[in-house]
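Report on the following structure.
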Amino acid sequence: MRITRVYTRTGDAGTTRLVGGSEVRKDDVRVEAYGTVDELNAVIGVARAGLDDLPEAARDRLDEVLGRVQDDLFNVGTDLATPADARWEGMYRTGDDDVTWLEATLDAFNDELPPLTEFVLPGGGPAGATLHQARTVCRRAERRSLLVADVQPDLLDGPVRYLNRLSDLLFVVARWAAHQAGRPEVTWRNPSRRRRA
């Protein structure tokens, strides 16, 4: 792919084209879904840029994982931007292998963490806080993708499932990054427990 010019002026009237050429408004459910996936990718990029307070080995390990996630999110976005009748032979579809990798990665990081005794508040240093932010954007991307799955149900098996599992991974690596950076996790001060204390 060679991009020679960034602006095209084709969206000046509030429309854009999906993969395959069909024209839709920029607030179409598909555009909202893959736009939110793009936002998620950007937040993960910010998280990767803020890993400096982690030890080198931990930084490199997490950066590699987040880099793969960013690549995967481009595939998720393509899936969401492609109506079923515009798919092509050999088109990569997000699916079981991607979800299995997320689960294995999540389990490996989670095994290195102490068990939770209370809800964790977003924080844990710059990397941890940004990864928690990425988790919340991921949940929104999942909700937006569900609206697309209403008209293209097979997206439940790929993008929606991937985003659901990714939000779990982002929660775990946010905690892991905080621990690696030596930052304390702040937990929710449950009012019912405070009353008993």
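Nothing in this text is a laboratory measurement; each read-out follows from the coordinates by a stated rule. On a predicted model such as this, the values are computed, not experimentally measured, just so you know. Ideal geometry is used to build each Cβ from the backbone, glycine not excepted, and the neighbour counts take in all protein chains shown.
Numbers below:
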read-out: Matching label, Rg and Dmax of the Cα atoms in Å computed from the structure shown, candidates [x] 16.6, 55; [y] 19.6, 65; [z] 18.9, 65; value: [z]
read-out: The chain: angle of helix 96-110 to the longest principal axis, Cα-based, in degrees nearest 10; value: 20 degrees
read-out: DSSP-loop chymotrypsin sites (Phe, Trp or Tyr not before Pro) across the stretch 61-112, with at most 16 other Cβ within 10 angstrom; value: TRP88, TYR92
read-out: On Cα atoms only, tilt of 56-81 relative to the major axis of the chain in degrees; value: 30 degrees
read-out: Fluctuation leader among LEU131, LEU62, LEU155 - the chain, Gaussian network, Cα springs under 10 angstrom; value: LEU62
read-out: Dipole magnitude (debye, nearest 20) for the stretch 40-197, charges at Cβ of Lys, Arg, Asp, Glu; value: 1220 debye
read-out: Ratio Rg/Rh, restricted to the stretch 92-197 and using Cα atoms, in which Rh is the Kirkwood radius; value: 1.07
read-out: Amide H within-cut-off set for THR187, under 5 Å, with H built and near neighbours excluded; value: LEU121
read-out: Acute angle (nearest 10 degrees) that the helix 159-180 long axis makes with the longest principal axis of the chain, alpha-carbon atoms; value: 30 degrees
read-out: Neighbour-count ranking [beta-carbon atoms within 10 angstrom, fewest first] of THR16, THR187, THR36; value: THR187, THR16, THR36
read-out: About the Cα centre, charge dipole magnitude for the stretch 80-139 (Lys/Arg +1, Asp/Glu -1 at Cβ), debye; value: 360 debye
